[in-house]
Each structure stands twice: as structure tokens, then as C-alpha cells.
Amino acid sequence: MSTWTKPAKESSPRKKVTIHTLFEKKAKGEKITFLTAYDYPTAVIEDKVGIDLILVGDSLGMCVYGFDSTLPVTMDMMVNHSKAVRKGAPNSFVIGDMPYMSYQISTEEAVRNAGRLMQEAGVDGVKLEGGVEMVDIIKAITRAGVPVMGHIGLTPQSVSMLGGFKAQGRDVSAALKLIDDAKALEEAGCFAILLEAIPAEVGQIITERSNIPILSIGAGQYCDGQVLVVHDALGFFGGHVAKFVKQYANMNEQIEEALTKYKEEVEQVIFPGPEHCYKIKEDELAKLKEALENR
């Protein structure tokens, strides 16, 4: 069994990212960096390189558990994964995703579940999907002292209603609806809004009209920051890649090559080599053999 060793403490660790940090970046025109993470090792690396925001997204349903959608993800899953990410990323602003049916049933249920992510996992805020229809729930959660990030555009929990994973806001009425939703979310108390899969021009309009940070996943370069699913950014899986994804590595290929080599070396008795084996002193080995003969 191997142990993940915690990295050595930096002599001058970066300051903890807060809501004030995010607003300051927007005011200065500095871009906010944002990635997903679902486990401790990934969170450690993201925190080390200075990622501002880390989302423990319900996308872990597909990335970690192999589900076909985000819908089967539960609060217990979100709490456990958020705990691991929080431990690995003490300086980043960690956001826990509110999974399907954790906030839609009632305001009381929404507040209770948002509180679980804060109290049990130690996240800095939560994210939930929906526009105007979520205003009362957002107000209740923020009144309970929980920072909320809104999420509009392509909202995966409502993908059946949207007719599939399709870009949103591509005609006048749909774009106006997104602009109105963003305004309503800001007035309800959201500290930031995530826009997913909408035209860059619509993302620009929303960003320019908002006093809170507007983050993009497929919403163009004019937003205050960008987010990608870390598995997409690292090329962790093969298959379809969304239009808005840029792959910065091909981990799928590298891991496959490494594991293929491991398999071959085990089969050919190349691994383990002498350098991977523990030794016993010659005199102790002689005593052991003698003891076995005398049994």
C-alpha cells in the first residue's frame, strides 16, 4: 500500500482567495481562473498552481462514477468529495455543487443541504442551476450565510427539458431571457454567475451589465473568468469533446502507455527489479534456512 505524501509547505503560501478577491479581480479587469476537482491529489495541484476557484461539480457523476448524466449524484457524494478537495486546496475558493433534487423540493431542504456542504465539507460557497425561478431559494440560502453561485445557460440537471446538450441563448428571446435571469440572480444575492454554452456576444452583454463576477464555460472570452472540467482539460478520457473545450494534455494516452508497459514488465519479470526488493542479511538468511530444515 502506498501513501500520498503531502507536499512540503511553501515558504510564502499565497493568500486565501475570498469573495473580496474575486470582486477585486473583476474591478481590475484581471481574469479569474476556475477548474473542477473531485479528489485530494487533483486539488493539491490546482491549489499549488494558483487556481482561484475550484468547483466540486456534480459532473463527478460522469467523470468519477461513470454515470450517463449528473442526475444520480447524491448529497452524500458531494459532501465526501468536497471534503477531500477542501483538504487539498486550503487557499483556493472551493464551491460545492448542489446536486439534482437537493434544492428543488423546498426552500427548507435547499437551505439544509447548502448548510451540509458548508458545515460538513467546509466549502466556501455552493452552486445551483436556474434563473428567475430560483430567486426565493437563493435568497433563503444567502440569508443563512451561505454564498451562492448561480448557473444559467446550458444547465445539465435540466438537460431533458432543454432537449439535450445544446447551446442556449442563440435567438433574441432566449438571449433576453438569459440577460433577465442574470440580473435576477445578482439581485437575489448571488456572488457570481456561471454561464454555460451560450454565444460569446451574450456572455459579453451579461458581463458588462453585472456588478458580480461572471464565469464562462463555453460563454466566450469576454467573461470575468473561465472554467473547464479538469478531466476535459487534461484529456483524461477519449471520445467526444465539447466545442468549448481545449485540451492541454493527453493524459488518456500517457496513462494507457504507462499501464501497458507495467503489464509487459510484470509478465516478463522485469518488474520488480532488485532495486524494488527488500533485503535480508546473509547470516539471517542462513539462520532462516537452518531453522526451516530443523522443523
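The values are calculated or read from the model by the stated rules, or taken from the named source; none is laboratory data. Everything quoted here is computed from the prediction, not taken from an experiment. Glycine also receives a Cβ, built like all others from the backbone with ideal geometry; neighbour counts cover every protein chain displayed.
What pairs come out if I take residues in segment 13-30 that are more than 23 Å from Lys87 (Cβ to Cβ) and surrounded by 12 or more Cβ atoms within 10 Å (Cβ to Cβ) and pair them with residues that are β-branched (Val, Ile, Thr) and at pLDDT 95 or above whose C-beta lies under 9 Å away, six or more apart or interchain?
If the second residue must be β-branched (Val, Ile, Thr) and at pLDDT 95 or above, the pairs left are Phe23/Ile212; Lys25/Ile32; Lys26/Ile32; Lys26/Thr207; Lys26/Ile212; Lys26/Ile214.
Can you go through Phe271, Phe237 and tell me which one is assigned to a loop (DSSP other than H, G, I, E, B), surrounded by 11 or more Cβ atoms within 10 Å (Cβ to Cβ) and outside the structural domain of Gly61 (by TED's automatic domain parsing)?
Selected residue: Phe271, the only one of Phe271, Phe237 that is assigned to a loop (DSSP other than H, G, I, E, B), surrounded by 11 or more Cβ atoms within 10 Å (Cβ to Cβ) and outside the structural domain of Gly61 (by TED's automatic domain parsing).
Conditions (1) in contact with a strand residue (DSSP E or B) (Cβ under 9 Å, 6 or more places away or on another chain); (2) outside any helix (DSSP H, G or I), marked per residue:
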position	(1), (2)
Glu120	no, no
Val126	yes, yes
Asp136	no, no
Ile141	yes, no
Gly145	no, yes
Met149	yes, yes
Ile152	yes, yes
Arg170	no, yes
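Given the conditions (1) in contact (Cβ under 8 Å) with a residue 24 or more places away in the chain; (2) of a type outside the set (Asp, Glu); (3) touching a helix residue (DSSP H, G or I) at 6+ places or on another chain (Cβ under 7 Å); (4) over 18 Å from His151 (Cβ atoms), and given that Val56 satisfies all but one, which numbered condition is not satisfied?
Answer for Val56: the failing condition is (4).
State yes or no: is Val49 under 21 Å from Glu186 (Cα atoms), surrounded by fewer than 18 Cβ atoms within 10 Å (Cβ to Cβ) and among the aliphatic types (A, V, I, L, M)?
Answer is no for this residue.
Determine, yes or no, whether Ile198 is crowded, with 17+ Cβ neighbours inside 10 Å and assigned to a loop (DSSP other than H, G, I, E, B).
Answer is yes for this residue.
Pick out the one residue from Lys16, Lys9 that is at pLDDT below 95, of a type outside the set (S, T, N, Q), part of a loop (DSSP other than H, G, I, E, B) and more than 17 Å from Leu194 (Cβ to Cβ).
When all the criteria are applied, what remains is Lys9.
Do we have Leu259 as among the aliphatic types (A, V, I, L, M), loosely packed, with under 12 Cβ neighbours inside 10 Å and at pLDDT below 95 here?
no
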